[in-house]
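This report refers to the structure that appears directly beneath it.
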Amino acid sequence: NGGPHIFRMNGDGTNLIQLTNGIAEIFAAVSPDSQWIVYQNISDLRLWKAPIDGGNGTQLSDKLASQAAISPDGKMVACRYREQELQPFQLGILSFEDGKTLKTFDLPPSALGTPALDWTPDGKAVLYVDNRDGIANVWSQPIDGGPARQITFFNTDQIFAFDLSKDGKTMALALVHATLPKGSVGPY
C-alpha cells in the first residue's frame with residue numbers, strides 16, 4: 001500500500017500475517033521470547049512495539065530512535081537515540097517494558113549511518129560498526145560505562161551487515177569492497 005510494513009510467516013511461507021499497518025515501519029527486532037517485535041515507525045521516527053501474533057502497536061520511545069536490538073534477557077533495547085532534535089545520535093539503552101532511558105553513550109561520528117546494533121550473549125555490551133578512515137570494524141560498548149573496544153581488525157572494506165552467534169564465538173559479516181573518501185560514514 002505504498003510503504004514498507006512488517007510481516008510474519010512460517011518458515012515454509014504459509015500463514016502470512018501483517019503485524020504493522022501505519023504509514024511505514026522498518027528495522028524490526030524480535031524479543032528473545034518470540035512474543036514481541038520492536039520497530040521504527042517512519043511517521044514519527046520513534047520505536048514502537050507490537051505483539052508477534054498481531055494487534056495494535058504501542059509507542060516505546062518518546063525520543064527519536066531507530067535500529068533497535070533487544071537484549072538477550074528481553075529487558076532492554078539498544079538503539080540509535082537522540083535526546084533532543086539537534087543533538088547527534090547516541091547509543092541509547094531503553095527499558096523494554098516502558099521505554100524509559102536507562103543509559104546513553106556517545107558514539108563517534110564515524111559510527112553513525114552504519115548497520116544495525118547487536119548485543120553480546122551475556123547482555124553486558126552492545127556491538128556497533130565504526131567506519132574510521134573509510135574502514136569499518138565492529139566495536140563493543142560495555143553497558144556498565146567502560147570504554148568501547150574494537151573487536152574486529154579489518155584493513156579494508158565496509159561492513160554492510162553483521163550478526164553475532166548466540167554463543168558469542170563466531171560472527172557473520174557481509175563485507176562490501178568500496179573505496180570511500182576519508183571521513184565518510186559509509187554507503188548506508
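Bear in mind that the values in this text are calculations on the coordinates, not laboratory data. As the structure is a computational prediction, the values presented were derived from the model and not from experiment. Ideal geometry is used to build each Cβ from the backbone, glycine not excepted, and the neighbour counts take in all protein chains shown.
Worth pointing out:
- Cut-off under 5 Å, modelled amide H: who pairs with residue 118 long-range: 127
- Directionally averaged projected area (segment 52-141, Cα convex hull): 6.6 nm².
- The modelled label-to-label distance for the pair residue 124/residue 21, using points 7 Å beyond Cα in the direction of Cβ, is 4.5 nm.
- Taking the chain and dividing mean pair separation by its residue count, relative contact order in percent (alpha carbons under 8 Å, at least six apart): 12 percent
- Residue separation of residue 97 and residue 56 scaled by 0.36 nm, minus their Cα-Cα distance, works out to 13.2 nm of gained length.
- Largest-first principal axis extents of the Cα set of segment 9-91 (Å): 44, 30, 19
- About its Cα centre, the dipole of the chain is roughly 260 debye, where the only charges are +1 on Lys and Arg Cβ and -1 on Asp and Glu Cβ.
- Simple spin-label estimate for residue 137 and residue 45 gives 3.1 nm between the two label positions (7 Å along the Cα-to-Cβ direction from each Cα).
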